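The values are calculated or read from the model by the stated rules, or taken from the named source; none is laboratory data. Values in this document were obtained by computation on a predicted structure and should not be read as measured data. Cβ coordinates were reconstructed from backbone atoms using ideal geometry, including for glycine residues, and neighbour counts include every protein chain displayed. For accessibility, only protein heavy atoms count, side chains too; no ligands or nucleic acids. Shrake-Rupley method; radii C 1.70, N 1.55, O 1.52, S 1.80 Å.
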Amino acid sequence: MKTRNIKNLALIAFAALALGSCKDQAKMDADKKAMEEKVAMEEANVKAEEMKMKEEAKKKEMMATSIAAVASKNEELSTLVSAVKAADLDKMLSEPGSYTVFAPSNNAFEKLPKKMSIAELGKPENKEMLTKVLQYHVVSGVITSDKLVAAIKGANGKYTFTTVGGKDLTASLKNDKIELKDEKGNKTEVVLGNVKASNGVVHVINDVLLMK
């Protein structure tokens, strides 16, 4: 009887020890899993932060070579740059996108009649008109000089396309130079083409285009 009791006590002690060991193992497993999850979450956060920093750096680099930035570095386009800012179009031409801009030189703006001068258009009450005039010089998509020449030849010498403002321009060739005709019948030449930017291309022209 005494021997049986000893055996029973031993079994109880072993069971208690085994149960305690199982609990300890379960706790260790839970702690390990929690630690692994924490590490995985921290790694994911680090990767997300690195991705964010790369995207921000890429955006800054893009903006530094955008149409707005390229134009601002050209002294002959300072009037255009001021007009673009006054019309709040500088953001559009700084952000990712795909545009072709026919950029009037400073001299081009000086040719405008007094009622259409940049001084008049720059007034707050004429902001809507200024915006329309500037949008008449912007086309969606990248149209290089080569593409435009090919389009002109493919359209039997006259290629008509639509600006972001919904108005048309007609391109043709004159002595191997690209010539643009606006809706009022005025003509201008591209004096400097294919100025590349991160969000498109710029062609400098020597007159301001006007729509009806």
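Using the structure shown, decide if Ser98 is in contact (Cβ under 8 Å) with a residue 60 or more places away in the chain, among the hydroxyl-bearing types (Ser, Thr, Tyr) and surrounded by fewer than 19 Cβ atoms within 10 Å (Cβ to Cβ).
yes
For Ala83, indicate whether it is outside any helix (DSSP H, G or I), of a type in the set (A, V, I, L, M) and out of contact with any Pro (no Cβ under 8 Å at 6 or more places or on another chain).
Against the criterion (outside any helix (DSSP H, G or I), of a type in the set (A, V, I, L, M) and out of contact with any Pro (no Cβ under 8 Å at 6 or more places or on another chain)), Ala83 does not qualify.
In the stretch 182-203, is there at least one residue being in contact (Cβ under 8 Å) with a residue 60 or more places away in the chain and in contact with a Gly (Cβ under 6 Å, 6 or more places away or on another chain)?
Yes: the stretch 182-203 contains one or more residues that are in contact (Cβ under 8 Å) with a residue 60 or more places away in the chain and in contact with a Gly (Cβ under 6 Å, 6 or more places away or on another chain).
Within the stretch 125-148, identify whether any single residue is out of contact with any Phe, Trp or Tyr (no Cβ under 7 Å at 6 or more places or on another chain), modelled with pLDDT under 95 and in a loop (DSSP other than H, G, I, E, B), and answer yes or no.
Within the stretch 125-148 (the criterion being out of contact with any Phe, Trp or Tyr (no Cβ under 7 Å at 6 or more places or on another chain), modelled with pLDDT under 95 and in a loop (DSSP other than H, G, I, E, B)), the answer is no, since none of the residues qualifies.
Looking at Leu180, Leu210, Leu169, Leu173 in this structure, which one is hydrophobic (A, V, I, L, M, F, W, C) and open to solvent by 60 Å² or more (accessible area, probe 1.4 Å)?
So the residue among Leu180, Leu210, Leu169, Leu173 that is hydrophobic (A, V, I, L, M, F, W, C) and open to solvent by 60 Å² or more (accessible area, probe 1.4 Å) is Leu173.
Against the conditions (1) modelled with pLDDT of 95 or more; (2) within 23 Å of the chain's Cα centre (by Cα), where does Thr79 fall short? Just the number, please.
Among (1) modelled with pLDDT of 95 or more; (2) within 23 Å of the chain's Cα centre (by Cα), the lone unmet condition for Thr79 is (2).
Any chance the stretch 129-142 includes a residue that's open to solvent by 30 Å² or more (accessible area, probe 1.4 Å) and of a type in the set (A, V, I, L, M)?
yes
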